[in-house]
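Taking it in order: structure first as structure tokens, then the write-up.
The values are calculated or read from the model by the stated rules, or taken from the named source; none is laboratory data. Predicted model only: the values in this text are computed from it and were never measured. Note that we place each Cβ from the backbone using ideal geometry, even for glycine, and neighbour counts take in every protein chain shown. Heads up: the accessible areas ignore ligands, DNA and RNA and are worked out on the full protein's heavy atoms, side chains in. Shrake-Rupley method; radii C 1.70, N 1.55, O 1.52, S 1.80 Å.
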Amino acid sequence: MTTKARIIRLGNSRGVRIPKPLLEQSGIEDAVEITAAPGKILIQKPSHPREGWDLAFESMAQSGDDALLDPATSTEWDDAEWTW
């Protein structure tokens, strides 16, 4: 669906009213990410901070790149206070 809208004043900022059918079609509800490029503004659902991590970790495990860089060490607290 494509529609035209006017840019309106909102205090010192500007805004665009988004028609309800466009919001329903997009699945956007409360928060958005806004990106600007020459001649356009992209409004989209926010990405999740850890999106794609599961695939990255799986790939690391398959290539053997998930080993610890430093050897495991213990501290005085580990030896005296911690119960295994």
- Query: Just for segment 25-38: of the residues that are open to solvent by 90 Å² or more (accessible area, probe 1.4 Å) and at pLDDT 90 or above, which one is farthest from G15 (Cα to Cα)?
  - Reply: Q25
- Report, ordered by the first and then the second residue, all pairs with beta carbons closer than 8 Å, sequence separation of six or more or different chains, a first member in segment 1-15 that is touching a residue at least 40 places away in the same chain (Cβ under 8 Å), and a second member that is open to solvent by 100 Å² or more (accessible area, probe 1.4 Å) and aliphatic (A, V, I, L, M). none
- Mind checking whether some residue in segment 9-18 is under 23 Å from the mean Cα position of the chain (by Cα) and open to solvent by less than 90 Å² (accessible area, probe 1.4 Å)? yes
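Test E51 against the criterion of being open to solvent by 80 Å² or more (accessible area, probe 1.4 Å), of a type in the set (D, E), part of a loop (DSSP other than H, G, I, E, B) and without any contact (Cβ under 8 Å) to a residue 60 or more places away in the chain, and give yes or no.
yes
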- Note on the structure: When E76 is run through (1) open to solvent by 100 Å² or more (accessible area, probe 1.4 Å); (2) on the phi > 0 side of the Ramachandran plot, the failure sits at (2)
- Test D70 against the criterion of being loosely packed, with under 10 Cβ neighbours inside 10 Å, under 30 Å from K4 (Cβ atoms) and modelled with pLDDT of 85 or more, and give yes or no. no
